[in-house]
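What follows is one structure encoded as structure tokens, with my remarks underneath.
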Amino acid sequence: MKTDTDFHMAKGEGESSYINNSRLQRKALFETRQVIKKAVRELCPIVLPRNLVVVDLGCSLGENTFIFVSEVINAMSDHPLEVQFFLNDLPGNDFNYIFRSLESFKKMVAVEHKGGTLPPFYVAGLPGSYYTRLFPSQSVHLFHSSYCLHWRSQLPGELDVNAKTYLNKGNIYIANTTPLSVVKLYQQLFQMDLLLFLKLRYEELVFGGQMVLTFLGRKNEDVYKGDLNHLCGLLALSIQSLVQKGLVQEEKLNAFNLPVYGPSIDEVTAVVRKSELFHIRFAKLFESNWDPYDDSRGHVVQDSLQSGVNVAKSIRAVMEPLFMSHFGGSVLDELFKEYARNVAKHLQKEKTKYSVIVMSLQRR
Ligand SMILES: C[S@@+](CC[C@H](N)C(=O)[O-])C[C@H]1O[C@@H](n2cnc3c(N)ncnc32)[C@H](O)[C@@H]1O
């Protein structure tokens, strides 16, 4: 699978679809709504001519992108402006699903704003990688992206399966046995990707334009001790057990590395500062329970078996197409059952959370 064109979330409306398993990502939108609101309120008065251009990068196919759209509409309710939304994702995304849902979304928004002012809004889909230019120069006021920027544009060069150099054997991400040279490859690619992303968006934003970016990160400065490492480590363990059962070839596991990277806030701000293109208006890290249905703040997992199943479903909805193209569809049910068991065992010992970074940037 090519990460710059074919990558996408699990399609359809079935049990393992992204649509039915994106509560984790939805919670992040609610957590960051004040940051979005503030950016919109600041941008409205400076918009000339009188229409705002807003983009959701990596919109996927669920209702989450519409939650973002309605947050923006609500935030601009005092301003007599029109707004053009562009919903962006890779060409492999099911844009038709979004387009089919648009009419019912518009009706819902109209009902919500009955009696109040509803700014005229227009929605368009925009396929393409956000690691390429997507818009004409200085034509966008606000970029938003949620749960996307931890995905890399490609695999770190020397980890490429075609190179047949299995530098990270038995792992699928950075783990305790991952050589430092491989960690460096991941870090270099993260820095390159983020720098490129900033340069591209800088070109496309109007002067003073803003970005609200939310993505998975790392609380611990130690690159071996991130929450993503833990989560992917349990996934690698599950694939290893399929290798032992003869369901997956060991070489297939050795050749697989996830194109993700969870940076610390310091790593991110270092790249932004180095770029000299944006002011950092706001940056914070918040935590979110692995189990999307666990909204409790405490340190105890009430039902670790159920939480294991919930985590496995949410990860499957994101990873399924990627795993299907590498390992084949026939092993997926067994793999994610094993994963649910491994996550449950882990959560019994320790309640674990994602670290999510949200930052608000303003173009210089
Ligand atoms: C976990 S989903 C998040 C979707 C949505 N923002 C939400 O909050 O539910 C991540 C999305 O990022 C998209 N994505 C990953 N890399 C991308 C890229 N280079 N350009 C555009 N979209 C990308 C994926 O296709 C996927 O739809």
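The values are calculated or read from the model by the stated rules, or taken from the named source; none is laboratory data. Source: prediction; values computed, not measured. Backbone-built Cβ (ideal geometry, glycine too); neighbour counts: all protein chains shown. We work out accessible area using only protein heavy atoms, side chains counted, and drop any ligands, DNA or RNA first. Shrake-Rupley method; radii C 1.70, N 1.55, O 1.52, S 1.80 Å.
Observations, loosely collected:
- Qualifying residues in the stretch 37-83 (those that are among the polar types (S, T, N, Q) and open to solvent by 50 Å² or more (accessible area, probe 1.4 Å)) - the one farthest from Arg26 (Cα to Cα): Asn51
- Only one of the listed residues (Tyr147, Tyr202) is aromatic (Phe, Trp, Tyr) and at negative phi. That residue is Tyr202.
- Flag for Ser241 being of a type outside the set (A, V, I, L, M) and either surrounded by 19 or more Cβ atoms within 10 Å (Cβ to Cβ) or closer than 26 Å to Leu198 by Cα (or both): no
- Any hit, the stretch 264-275, residues being within 25 Å of Leu322 (Cβ to Cβ), open to solvent by 30 Å² or more (accessible area, probe 1.4 Å), out of contact with any helix residue (DSSP H, G or I) (no Cβ under 9 Å at 6 or more places or on another chain) and free of Cβ contacts under 8 Å to residues at least 24 places away in the same chain: no
- Candidates Ser70, Ser129, Ser101: the one that is out of contact with any strand residue (DSSP E or B) (no Cβ under 7 Å at 6 or more places or on another chain) and under 16 Å from Lys37 (Cβ atoms) is Ser70.
- When every residue of the stretch 255-266 is checked against the conditions, none turns out to be part of a strand (DSSP E or B), acidic (Asp, Glu) and under 22 Å from Glu31 (Cα atoms).
- Among residues of the stretch 128-149, those that are in contact with a Ser or Thr (Cβ under 9 Å, 6 or more places away or on another chain) and not in a loop (DSSP other than H, G, I, E, B), counted: 3
- All positions within the stretch 1-28 that are modelled with pLDDT under 95, assigned to a helix (DSSP H, G or I) and open to solvent by less than 20 Å² (accessible area, probe 1.4 Å): Leu24, Gln25
- Test result for Arg363, touching a residue at least 12 places away in the same chain (Cβ under 8 Å), open to solvent by less than 50 Å² (accessible area, probe 1.4 Å) and over 27 Å from Phe7 (Cβ atoms): yes
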